[in-house]
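Structure record follows, encoded as structure tokens.
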Amino acid sequence: MDSQATPETPQPPEWAAQLFQMIQSQNQRMEGLEQQLRGQQNGGSTHAPEISAAIIGDAVRESTAVQAKKKLPELPEFSGKRTEFRPWLTQAKAKLAVDKDTETEAVRFWYVHSRLRGEALAQVSAWVDAVMTTDKMTTDGLFSQLRAAYDDNDAAERASRKLNIMRQGSKTFGAFLAEFDRTLLDAGGIGWADQVKKTFLSNCLSYELQNAIVASPIPATYREYCTLLHTVSTNLENLQRKKDSNKKQNQGSGPKLAAEVVPVADSMEWEPSTTTAAVVRTQRAQWVSKEVLAKRKEANRCIRCGGDGHFVRQCELLPAVRPKQEKRTSAATTTVEDEDSEESGNE
């Protein structure tokens with residue numbers, strides 16, 4: 001006789017056994033239906049159609065009941081992303097309360113366990129192996145293990161600090177209220193007294209909104225207070241939009257009004273006027289002797305460049321510059337006058 005004990009065959013979860021029994025029952029009914037149909041074809045009992053219809057009706061109703069029982073979408077898988085844990089936990093509890101409320105605790109436990117993947121599944125594997133044969137194998141225990149690993153324990157404290165410093169600023173009241181309520185929930189303030197919540201919200205409001213409700217009686221409840229603020233804020237926003245619209249209209253009509261009061265100008269003011277463009281001079285004339293200047297003057301030419309058809313004032317060249325060697329020469333030996341003085345007589 002073998003001294004070693006025969007390993008115990010692992011039993012499937014209860015929900016799997018129930019599903020297997022349901023499938024077997026449906027198969028037996030289908031086999032009975034096939035036998036009755038074959039008997040009818042071979043000249044069997046005339047009651048076969050009625051019995052077959054009853055069996056078919058029961059099978060359809062049972063299948064419909066199984067399908068109708070599933071009221072919520074399938075629980076998404078959780079792989080260990082910390083920011084997704086709280087929403088996933090809420091969905092898991094809703095699924096258990098709605099679709100698994102009549103199931104045994106083992107079915108509920110293994111269903112939640114089947115929706116874990118990756119890091120989250122590895123995180124609870126050792127604990128599941130330890131409690132599998134004990135009364136601690138519950139969905140609450142599984143949720144506690146997941147909370148310890150992935151829940152943000154400091155979220156409430158951070159949210160409480162944020163309530164003290166957050167301000168509405170330039171945000172609309174509707175957008176700010178959504179952020180405020182989310183922070184309030186994260187801080188665990190859903191059960192706080194209405195007066196406490198109203199005080200926190202009042203400290204966050206913009207100056208314009210606080211000023212607008214100075215003369216208004218403050219409601220007793222937090223939700224009524226939010227409704228009042230939302231109504232006043234909407235009126236202020238509509239008033240501001242109307243003010244901006246009127247300002248744009250006045251700016252658009254300003255030039256037209258100014259044009260209407262301007263008197264009609266005389267027709268002569270609209271005639272084009274001829275102006276002489278200033279000559280841009282970039283090149284300088286070449287320095288010449290006094291004799292050359294005298295010859296240009298006698299020939300009625302421009303004494304600066306020697307050209308015909310214009311005089312010095314219309315010349316495109318700049319005045320000539322006396323060479324340095326001539327500047328150093330004594331005035332007694334070279335009594336050549338400056339070009340400008342020579343040009344003054346030829347205009």
So which residues in the stretch 128-148 are touching a residue at least 12 places away in the same chain (Cβ under 8 Å) and touching a Lys or Arg at 6+ places or on another chain (Cβ under 9 Å)? Thr138, Thr139, Phe143
Between Ala265, Ala285, which is loosely packed, with under 12 Cβ neighbours inside 10 Å, farther than 30 Å from Asn211 by Cα and at pLDDT below 85? Ala265
For the stretch 167-203, which residues satisfy the criterion of being buried (at least 17 other Cβ atoms within 10 Å of the Cβ), free of Cβ contacts under 8 Å to residues at least 60 places away in the same chain and out of contact with any Gly (no Cβ under 9 Å at 6 or more places or on another chain)? Gln168, Leu177, Phe180, Leu184, Asp186, Ala187, Gly189, Lys198, Leu201
The one condition Thr139 fails out of (1) in contact with a strand residue (DSSP E or B) (Cβ under 9 Å, 6 or more places away or on another chain); (2) surrounded by 14 or more Cβ atoms within 10 Å (Cβ to Cβ); (3) modelled with pLDDT of 90 or more is (1)
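For a quick check of your reading: which helices (runs of 4 or more DSSP H) sit entirely within the stretch 80-159 and have at least 1 residues that are more than 30 Å from Gln18 (Cβ to Cβ) and out of contact with any helix residue (DSSP H, G or I) (no Cβ under 8 Å at 6 or more places or on another chain)?
Helices (runs of 4 or more DSSP H) meeting the threshold: 85-98, 118-131, 139-150.
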Contact list please: Cβ distance under 6 Å, first residue in the stretch 214-228 and closer than 16 Å to Ile190 by Cα, second residue part of a loop (DSSP other than H, G, I, E, B), pairs at least six apart or on different chains. Tyr225/Pro219
Of the criteria (1) modelled with pLDDT under 90; (2) touching a Phe, Trp or Tyr at 6+ places or on another chain (Cβ under 8 Å), which one Val107 fails: (1)
Total residues in the stretch 204-213, condition free of Cβ contacts under 8 Å to residues at least 24 places away in the same chain and either buried (at least 17 other Cβ atoms within 10 Å of the Cβ) or touching a strand residue (DSSP E or B) at 6+ places or on another chain (Cβ under 8 Å) (or both): 1
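With surrounded by 13 or more Cβ atoms within 10 Å (Cβ to Cβ) and in contact with a Ser or Thr (Cβ under 7 Å, 6 or more places away or on another chain) as the only criterion, which of Leu89, Leu96 stands out? Write out each step before concluding.
Numbers: Leu89 fails: in contact with a Ser or Thr (Cβ under 7 Å, 6 or more places away or on another chain).
Only one candidate qualifies: Leu96.
The values are calculated or read from the model by the stated rules, or taken from the named source; none is laboratory data. Source: prediction; values computed, not measured. So basically every Cβ, Gly included, is an ideal-geometry build from the backbone, and we count neighbours across all protein chains shown.
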